[in-house]
Each structure stands twice: as C-alpha cells, then as structure tokens.
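The values are calculated or read from the model by the stated rules, or taken from the named source; none is laboratory data. The structure presented is a predicted model; accordingly, all values stated were derived computationally and were not measured. Cβ atoms come from the backbone with ideal geometry, glycine included; neighbour counts cover every protein chain shown. These accessible areas exclude ligands, DNA and RNA; they are computed on the full protein's heavy atoms, side chains included. Shrake-Rupley method; radii C 1.70, N 1.55, O 1.52, S 1.80 Å.
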Amino acid sequence: MVDSGRFSYSRDTAEIASEQHDVEAGPPSRDIRQHGISKDPARSTMFDLGEIDVHWDAEAEAVWAFMAPSGRPNFSREMLRDAQTWYSETKRLFDAGEMPVKYIVAGSHFPGVFNLGGDLDLFCACIENGDLPGLRRYGHACIDVVYQTWKNADIPAVSIALAQGDALGGGFEALLCFDVVIAERRARFGLPEMLFGLFPGMGAYSILARKLGRLMAERMILSGKVYSAEEMYDMGIVHILVDDGEGERAVRDYMAANRRHHSGHVGVFQAGRRVDPLEYGELQDIVDNWALSALKISLTDVRMMRRLASAQHRLAG
C-alpha cells in the first residue's frame, strides 16, 4: 500500500475500501543551513524544538521553520505544542527587537510530505471510548495553531508556506492560512476526511469559503478529491509553482524580489484579513460540531481510519 517512500491517499484508500468491501459487502528537502542561515544568538527555546527545525536568516529577516516529525508526518500533540512555541517565541523576540522578522516561512523536512493532517490514532481512540472532551481538546489545540497562522502571530510579516510534498487534511488546512503558497509540482493537496465519514473541522471550510466561495469550498470538502499542485495553482491557492527541488530557491527569490515593497505587501494581506475577518469563535464552534460528528461515524469508518493510520506508520518507518 505504500511504495517509493510515499503515502498515497488516493491509492491507499481505494485499496482499503476494496478490502473492506470484501469483508463487509521524492528526494528529501535540502537543509536550509546550506544557504547561510544560522541560529539566532538569542537563547530561545524555539531553536531547540523536538518536532520543528527553526532557523533565523538575519540577512533576509526571515524565520524558517521545517516540520521534522519524530514519527508520522501529522499534527501530533507534540507537533502542535512546538508550533505554538515557534509562534510565541517569534512574537516575543520580535517585540523585544531581537529579531526584526519580515518573513515567516514554513515547510517540511519529511520526504514527499508537507503534513498529512490530524492524529488518526487519537481520533480512533477517542471515538471508540466516546471521549468527546478529548476530541474537543485536540481540536482546540489545532485551531490555536490555525488562528496564530492566520494572524501571522500578530507580527507585520508576510507568511510563506513551502509545499514540497503532500498537504492533506489538517496539513492542507494549515497551509491555507499562509499569505503566499509556493509549491513544487510533486505536491498534492486535498481534504480526504469524507472518505471515513468526517469533515475537516479545523479551518478548511472557513478559509476556503473566504478564498474561493462557499460552493467551491463545499465541493472540495464533499468530494474528498486530491488535487495536483498545478490544479491548485489554477485555482489561485498556490501562488508560485516550481519544478521539484526548486522550492527553497523560489522562496529566497520571492523574498529578495519583494523585500523593497515589504510594507505594501503586508498591508495588502492585512487588508484581506480585515475584509474577510476570521474570528476564533467561528473556528471553535466548527471544531465542537466536528467533535460531536466524529462520535457518530460508523465502525466501518473507524476501521478505515485505523488502516490509514497504519499506512502512515509504515511511511514513517
């Protein structure tokens, strides 16, 4: 079900669905330190996180953060914790004048994957135990990160998501929050939650409706389709599309080309957030509805979820 070191939702879910019916009727990212980026001299905890590799590029005035999961490339509780630390420490150092941040860049060091989304093992355990508070706690931790990303951690910076691999489910939700998305052609994007009877509850509807309109948001969510980077570029979700292996260079080129007009770019993106504001309460209401819905899915859907979690475990080795 997993080949060439890459997880395939479209292939694996098809195989899993077929098996259930019988019973039930790319290369790794280059280390950014190769390009002259070193750790900030300030002794901040964000430069020593377990799940995210953070570096400060003083010349470009950019914070680079690459997800480096110790296990599956998803939003584990540890990954969510480290993301919160990354944002809070970036804000603290900016306010203290120690890091004049103009760009916030997020990517992944996991080969072929940006992020595969929610913690399916946790979902299954909570559903099987009827643990509504557990689902809500996890969902609220996710939207805490989503909301910080949407606001750029309350810093007048331009945020850039670098997708060098698949951004699915919650991974796609997180990526949608960034001002600019730069993607390599091998990257794929989608919201496959409907394949196991759920919907993406951590921001997908809210953000897609603001970017593409409610009808397109519903079409994408209900279909469970996985889209190519080129399709996302045609829709306007991906802003810059580059060949495989050229993503980091494209980010550096973007920052160099636009730094002179940085203030204007920040103003445009801030205006967009003011025209279509996103309140935390909206995200919270949707998460609470998602948690209630999760407890109502069938045993067949839970089995599907567990099989997908197993495929992710095999991907992580």
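Observations
- Cα-based Kirkwood hydrodynamic radius, segment 191-317, one decimal, Å: 17.7
- Heavy-atom SASA rank of His55, His239 (probe 1.4 Å, accessible area, largest first): His239, His55
- Using a Förster distance of 30 Å, the FRET efficiency for Lys296-Gln84 (Cβ separation, nearest 0.05): 0.50
- For segment 179-239: rounded, prolate or oblate by the Cα gyration tensor [a/c cutoff 1.5]: oblate
- For segment 85-187, GluC sites (Glu not before Pro) are listed when DSSP marks them as loop and at most 16 other Cβ atoms sit within 10 Å of their Cβ; the list is Glu98.
- Option label - log10 I(q)/I(0) by the Debye sum over Cα atoms at q = 0.07 Å⁻¹ computed here, alternatives (1) -0.34; (2) -0.26; (3) -0.59: (2)
- Cα gyration tensor shape for segment 158-260, rounded if a/c is under 1.5, else prolate or oblate: prolate
- Cα shape, segment 255-309, gyration tensor, a/c 1.5 rule: oblate
- Accessible area in square angstrom per residue, the chain, 1.4 angstrom probe: 42
- Reachable aspartates and glutamates, given that their alpha-carbon falls under 16 Å from the alpha-carbon of Lys102 and they are not under 8 places away in the same chain: Asp40, Asp57, Glu59, Glu61, Glu89, Asp154, Asp179, Asp253
- The reciprocal of the average 1/r between distinct C-alpha atoms defines the Kirkwood hydrodynamic radius, which for segment 103-211 equals 14.6 Å.
- Vicinal HN-Hα couplings computed from phi for segment 129-138 (Karplus, 6.51 cos²θ - 1.76 cosθ + 1.60; Hz; Gly/Pro x): 9, x, 8, 5, x, x, 5, 5, 4, 5
- Förster radius 45 Å - calculated FRET efficiency between Ala96 and Asp276 (Cβ-Cβ, nearest 0.05): 0.90
- Measuring nothing but protein heavy atoms, the accessible surface of the chain at 1.4 Å probe radius is 51 percent carbon and sulfur.
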